[in-house]
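Please read the structure below before turning to the comments.
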Amino acid sequence: MKNTTKLKHILQLYTVSLDMDDDDNIHLTMIDKRKYTSHTFMDKSYSLVVGKAFSQMRKDLKGAE
């Protein structure tokens, strides 16, 4: 699945913030639109950060069932 497709799915359930620090690490913070819980992921690669966020989203959805 492409990163844009993963991000589209994430944005349906979460508010997302992207940031980069001085060491070129990308920080992705996602806040659940219903429960207002948050998760932050950090890595050098945008693809890895989006992949981690998508994986967390799937875990959250599975736990809600």
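The values are calculated or read from the model by the stated rules, or taken from the named source; none is laboratory data. Here the structure is a predicted model, which means the values were calculated and not measured. Here Cβ is always computed from backbone atoms with ideal geometry, including for glycine, and neighbour counts include all displayed protein chains.
Taking region 1-52, which residues are part of a helix (DSSP H, G or I), of a type in the set (G, A, S) and loosely packed, with under 14 Cβ neighbours inside 10 Å?
S47
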Test each condition in (1) out of contact with any Asp or Glu (no Cβ under 7 Å at 6 or more places or on another chain); (2) modelled with pLDDT of 95 or more for K44 and report the one that comes out false.
(1)
